[in-house]
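K.L.:
Quick one: structure below, then a few questions.
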Amino acid sequence: MANVKTLMLKAPGTNCDVETTFAFEQAGAQVESAHINELLRRQKLLSNYQIMVIPGGFTYGDDISAGKILANEVRLKLGEDIQRFVEDGGLVLGICNGFQVLVKAGILSKSADGGPPQLSLAGNDSGKFESRWVYLSANPTSPCIFTQGITTMYLPVAHGEGKVVGEPKILDELNVVLYYADETGNIQAGYPYNPNGSANSIAGICDDSGRVFALMPHPERFVRWTQHPRWTREPRREYGDGFRVFRNAVEWVKNA
Amino acid sequence: MFRIEVSIKAGFPEPRGEGLQKDIQDLGITTVEKAKVTDIYLLEGSLNEEEVRRICRELLVDPVVEEYSYGEASITGVEDSNVRVIEVAYNPGVMDPVEESVKKGILDLGIATVDSVKTAKSYYLWGELSEDTLQSICDKLLVNSVIQHVVTRREGPSLPSATYEFSLSVIDLLSMDDDELIELSKDRLWLDLGEMKQIQDYFSRLGRNPTEVELETLAQTWSEHCKHKTFRGKIRLGEVVIDDLLKSTIMRVTEELHKPWCLSVFVDNAGVIDFDGHYALCFKVETHNHPSAVEPYGGASTGIGGVIRDPLGTGLGSKPILNTDVFCFGPPDLPYDRLPQGVLHPRRIFKGVRAGVADYGNRLGIPTLNGAILFDERYAGNPLVFCGTVGLLPKSMSQRGQQQPGDLVVVVGGRTGRDGIHGVTFASGELTKESEAISTSSVQIGNPITEKRMIDVLLKARDRGLYRRITDCGGGGLSSAVGEMAEETGVRVYLERVPLKYSGLSYTEIWISESQERMLLAVPANCVDELIALFASEDVEAAVIGEFTDNRRLQLFYKDTLVCDLDMEFLHHGLPQLEREAVWEQPQYDEPDFPEPPDLREALIRILGSLNVCSKEWVIRQYDHEVQGSSVLKPLVGRNNDGPSDAAIIRPILDSDMGMIVSNGINPKYGDIDPYWMAASAIDEALRQVIAVGGTLQKVALLDNFSWGNPEKPDRLGALVRAAQACYDIAISYETPFISGKDSLYNEYEAEGKTICIPHTLLISAMAVMEDVNRVVSMDCKEAGDLIYIVGTTKDELGGSHYYDIHGYVGNNVPKVEPKKGKKLMDRLSTAMERCSVKACHDCSEGGIGVAAAEMAFAGGLGMVIHLRQVPLGESMHRNDFVLFSESNTRFLVEVAPEDKSEFEKSMNGLDFAAIGEVKTDEKFDVYGISGARVLSASIAELKEAWQKPLRW
């Protein structure tokens, strides 16, 4: 397939769409940004795309709780479309606010008998929004399409509500893709390595198919070497760690 | 009405409660054992029980970590007698930023019968608390009476829903004598008698009295805030008369330098420079001091929200790409008994301002990358909050547009409410202990998502060419925005067409309201349908409120009645030129007479730990400085991402290697000695930072922000003149034009018969274009064995220094600037940095060589040895402490690899520079004195700890 068409979903308060578009374009995708109203009014159809992205931001101000209002909008008005999109082999990526939306919309969280999701993203233990870089360790057995071949990454987080919470049973059943870790890969290193107090140091999860992936850290903010906080003192590398997330997605669609 | 209370389930952490408990402990109250914060939603409308439950379950409550209760009346769920509950709600008329989102969320559930939503918070405090203590916690932490109140009994959400009965309000100005004119102006118009009389004359020539809205319009247009009367006035200083200080200093630099890359200067909402031939950059820094003093969170968030709209309203509109912030507060540990009456505590102001700027900037997705925080007790009654925004726009759109008669006046974005009335005139007077009461309606709460929506769709409208001109609705509201835009044409506005948040506003309130998140457009009639449809497609309101005319009159109508009819000539040029007296006398301070200490370790540790020097990481990390993916040099650098970067660099266009550097210079301590050298030092510092990170002086634009005392007092004005003169002298020599600026005067606080004036404060912001971001140099030491050079001369210039300060002295030898020499030095250093591999460079400023070298060492996680005997010195410099801590300008510390030694020295040949030290592996910081004996030895860990500890909150 020549063109990998990616839809960048925008809602009021989305603010990482430009750099996420850049990352996908660098990876060879063709990206179109769509205001949520364009999807609701059927001016743009999900079925015309292979990848759907919910980028970072503060949709609707993160009022009530982060991503909640967009999550409801997605669940109530686009839920079936997204379900069909995934069943048809589409890829879905949620970054930061996108993670919060996918979980709270029930797309990336199990719910018993159609009840409310039993997984959530709560306020950071520190009580603060924090912008800092974190080491990530990938789960080698994860089916996630986006992280194939990735073992570790160093990426920035910037959020106030990134703590994965849920009953132990729910957490045990999750497809964890990425863990917060320290430089050596120890995933029990605690704050600030785990920047929000996330249960089991969970930083990113996917669905059973591996095609729906969401994470709190921002891979789009480290696609070029000069975005690394220490690029002026470390040996130069061709790409930033986050770049492979986008390339994996694009390559997978091309080869599908 | 339904009252829903949402709280965290037992067993989950309560960060907000823990934070509150810590804040209470900081007040010295230790009896609170536990604290909890809950969210209250008050819904009005016809709802059945199942609908309310569904709203709770599916919208308001997180099913995993939260639970809820709801009922008609009292606070429920507390059976413990040992707990005190305080519910805090917004005052009537204060915008609740969450309301709109909650309404939308409920509508999405298919429930359309909710009329209004209000939010509140409940604070639960466990432990023994007396009534007095509880009151103290309320006053100092929980409630700001300007916008909030404690809910004592269950009351309906008191919406300001009164209807407004129109009646034309005419002021009987013509019959007033001088006393009556003064009385009318006081606390409302803030005009002086001469100005009031000018207005009286005008109306007496017209043979009629003014309407209230005409007077308000004149007062706003003629305010210090809008017209810069002081800077534009006639000032007599000794024998010299300065006609228009701004024109003869700041603007003169730009005019004489005549740089072709200055595209639009001093004419638009921000100054614009060329970036890469295709794009342009604009930059504006504003202050929001008085609003932040009375309501720190709202004041600061609307400060940043307001300055973002400046680049948005520059040229045909630019995209905001970077924010800066500089704060000046009273010391956070100021004892309450030293706090001036009627003032919020500096710690509370600090926390509120920080949160306001972060919440707004983060939500808009604009990286906050550069700033500074300074402390001085004189800022306690009158803090300073500078916010800046850089915008990116196509070069072809960089000029201010021009409307044509017949074009429509369109207001877009948020609706108009009663918030922020008299903000501009409020900013043009001194603060007093009554300010809080008078200014209640001047305070605004920002709604960042309204602004974000508006920005997104505005830039689309710009690219489709749907409007001819744009400006922001800021201070003075529609009055200023429409009045200024229509100066050359004339305008008719129909005030009842302005979309309102609620009914009940008078026509005057509509006209002067400073409600946030609004922009004003001039739209050709044949584009207006497309424009309104485009805005509607993203749920943003655009309303036609009038049309531009060709009669050069400002004509306002309210439901067919002409309520204002002023001619533009009088409105904009009728203001008499101000004449003021200024004096300047250099103060004399005691010179220190303490002997040189044999060991300088303790001095270095104290300076590193002083509030102005110490790490601001606690603040920086709560700003998103990575969003937009553009950052190349971040505010925190080094081995552990925690060293203090000299400047910020971004890549405005992601697929280009061109960069933009932003830096700032500010040092009010020098202004206590001589504002001239304070201004000179601020410019030198901002430029040093540009050079230190790998930039050049070739394309650097400056912004000036004066925050000063009352200019009606001759000594304040004399100091202002000195500072402005230095701006000319120094900037012209460095060949760096000013492109924009702002002054905030009247920063004085009056209580108990005493007036406290802030330190004269000049912020210089610099924006520089960098050809290749791959050439960036950071300040952290890179490798053991490298050489450390000093570039520049170290002189006996410790007046206003931190070293004198820790010994309780100010001194008189303020650091000076030799701009011709300085320019040569900076040019040569940037050439050297381009040519050879300079591995680190750090600007020498507060705390001199000692602080700069220590910061380089601990940021790099490496040791360092420094030999003071090698340092090129000015006259009569014999003391090790003076050499180590002098704050002479135009100096840099540079790290060079041994193999690049000769190349570097060749490049710098003929200038004052020397190798003074070496980077070490042993993590020790050692300094050897002029005689060769060791005068300081410390581990980099203890130095770093001293630097990080004070503001690690």
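The values are calculated or read from the model by the stated rules, or taken from the named source; none is laboratory data. Computed from a predicted model, the values in this text were never measured in an experiment. All Cβ positions, glycine included, derive from the backbone under ideal geometry; neighbour counts span all protein chains shown. We work out accessible area using only protein heavy atoms, side chains counted, and drop any ligands, DNA or RNA first. Shrake-Rupley method; radii C 1.70, N 1.55, O 1.52, S 1.80 Å.
K.L.:
Go ahead and collect, in residue order, the members of region B:117-131 whose backbone nitrogen is under 19 Å from a label point 7 Å along the Cα-Cβ direction of B:Thr31.
P.N.:
Residues passing the 19 Å test: B:123-131.
K.L.:
Additional query: What is the Cα centroid distance between region B:551-568 and region B:892-931, reported in whole angstrom?
P.N.:
Using only Cα atoms, the two centres lie 70 Å from each other.
K.L.:
What value, in deg cm²/dmol to 500, does the helix sum -39500 (n - 2.57) over DSSP H runs of n ≥ 4 give at 222 nm once divided by the residues of chain A?
P.N.:
-6000 deg cm²/dmol
K.L.:
Let me ask something else. Let me know the shape class of the protein assembly as shown, please: from the alpha-carbon gyration tensor, a ≥ b ≥ c as square roots of the eigenvalues, rounded when a/c is under 1.5, otherwise prolate if a/b is greater than b/c, or oblate.
P.N.:
rounded
K.L.:
Which links in B:Lys823/B:Lys906; B:Lys247/B:Lys821; A:Lys10/A:Lys68; A:Lys163/B:Lys9; B:Lys634/B:Lys924 stretch past 20 Å when you go from one Cα to the other?
P.N.:
B:Lys247/B:Lys821; B:Lys634/B:Lys924
K.L.:
For chain A, just give the cysteines left without a disulfide-compatible partner, judged by no other Cys Cβ under 4.7 Å.
P.N.:
Flagged as lacking a Cys partner: A:Cys16, A:Cys96.
K.L.:
Something else: Given the rule -39500 (n - 2.57) for each run of at least 4 DSSP H residues, summed and divided by the residues of chain B, what is its mean residue ellipticity at 222 nm, to the nearest 500 deg cm²/dmol?
P.N.:
Roughly -9000 deg cm²/dmol at 222 nm, from the helical runs in chain B.
K.L.:
Could I ask something else about it? For B:Ala543 and B:Asp172, FRET efficiency with R0 = 35 Å and r from the beta-carbon atoms, rounded to 0.05?
P.N.:
With a Förster radius of 35 Å, E is 0.55.
K.L.:
Sticking with this one: Let me check I've understood the local charge: for B:Ile445, count other residues with C-beta under 9 angstrom from its C-beta, Lys and Arg +1, Asp and Glu -1. What total comes out?
P.N.:
-3
K.L.:
Could you tell me which of rounded, prolate or oblate describes region B:905-953, using a ≥ b ≥ c as the square roots of the eigenvalues of the alpha-carbon gyration tensor, with rounded for a/c under 1.5 and, failing that, prolate when a/b is larger than b/c and oblate otherwise?
P.N.:
It is prolate, given that a/c is not under 1.5 and a/b is the larger ratio.
K.L.:
Then there is this: Sticking with the crude label model, points 7 Å out along Cα→Cβ, report the distance from B:Ser939 to B:Val83 in nm, one decimal please.
P.N.:
In this crude label model, B:Ser939 to B:Val83 measures out at 4.6 nm.
K.L.:
Something else: Report the local net charge at A:Gln100: Lys and Arg +1, Asp and Glu -1, summed over other residues whose C-beta lies under 10 Å from its C-beta.
P.N.:
Around A:Gln100, the surrounding residues sum to 0.
K.L.:
Any idea of B:Asp786's accessible area? Nearest 10 Å², probe 1.4 Å.
P.N.:
Surface open to solvent at B:Asp786 totals about 0 Å².
K.L.:
If you count only protein heavy atoms and use a 1.4 Å probe, how large is the accessible surface of B:Asp26, to the nearest 10 Å²?
P.N.:
Answer for B:Asp26: close to 70 Å² accessible.
K.L.:
Given R₀ = 22 Å, FRET efficiency for B:Phe594-B:Ala915 by Cβ-Cβ distance, to 0.05?
P.N.:
After rounding to 0.05, the efficiency reads 0.10.
K.L.:
Return the lysines within reach of B:Lys118: Cα separation strictly under 16 angstrom, same-chain partners fewer than 8 residues apart disregarded; answer none if there are no such residues.
P.N.:
B:Lys103, B:Lys104, B:Lys501
K.L.:
If I take R0 = 22 Å and measure r between the Cβ atoms of B:Arg57 and A:Arg42 in this structure, what FRET efficiency does the formula 1/(1 + (r/R0)^6) give, to the nearest 0.05?
P.N.:
That gives a FRET efficiency of 0.15.
K.L.:
Of all the stretches in chain A, which is the longest one without any exposed loop site, taking GluC sites (Glu not before Pro) in a DSSP loop (any state but H, G, I, E, B) with at most 10 other Cβ atoms within 10 Å?
P.N.:
For GluC sites (Glu not before Pro) (loop position, at most 10 other Cβ atoms within 10 Å), the longest site-free span of chain A is A:1-182.
K.L.:
For region B:525-592, run through the GluC sites (Glu not before Pro) and keep only the ones in DSSP coil with at most 16 other Cβ atoms within 10 Å of their Cβ.
P.N.:
Hits after loop and neighbour filter: B:Glu585.
K.L.:
Counting only protein heavy atoms and a 1.4 Å probe, tell me what percentage of region B:2-150's accessible area is made up of carbon and sulfur.
P.N.:
49 percent
K.L.:
What is the Cα centroid distance between region B:1-28 and region B:676-733, reported in whole angstrom?
P.N.:
Value for the Cα centre distance between the two parts: 46 Å.
K.L.:
Of the listed pairs B:Lys669/B:Lys949; B:Lys713/B:Lys754; B:Lys616/B:Lys944; A:Lys104/B:Lys36; A:Lys128/B:Lys351, which have alpha-carbon separations greater than 20 Å here?
P.N.:
B:Lys669/B:Lys949; A:Lys104/B:Lys36
K.L.:
Separation between the B:Ser46 and B:Glu239 pseudo-spin-labels, each 7 Å from Cα along Cα→Cβ, expressed in nm?
P.N.:
Once both label points are built, they end up 8.5 nm from each other.
K.L.:
Okay, moving on. Multiplying the sequence separation of B:Ser204 and B:Glu256 by 0.36 nm and subtracting their Cα-Cα distance, what value in nm do you get?
P.N.:
Extra length from B:Ser204 to B:Glu256 when fully extended: 14.4 nm.
K.L.:
Spin-label point model (7 Å from Cα, Cβ direction): what's the A:Arg237 to B:Phe266 distance in nm?
P.N.:
In this crude label model, A:Arg237 to B:Phe266 measures out at 5.0 nm.
K.L.:
Roughly how much accessible area, to the nearest 100 Å², goes out of reach of solvent when A and B pair up, both sides summed, probe 1.4 Å?
P.N.:
For chain A against chain B, roughly 4900 Å² becomes buried.
K.L.:
Next question. Relative to the first principal axis of the alpha-carbon coordinates of chain B, what is the inclination of helix B:848-860, with its axis defined by its Cα atoms, in degrees from 0 to 90 and to the nearest 10?
P.N.:
Tilt of helix B:848-860: around 80 degrees.
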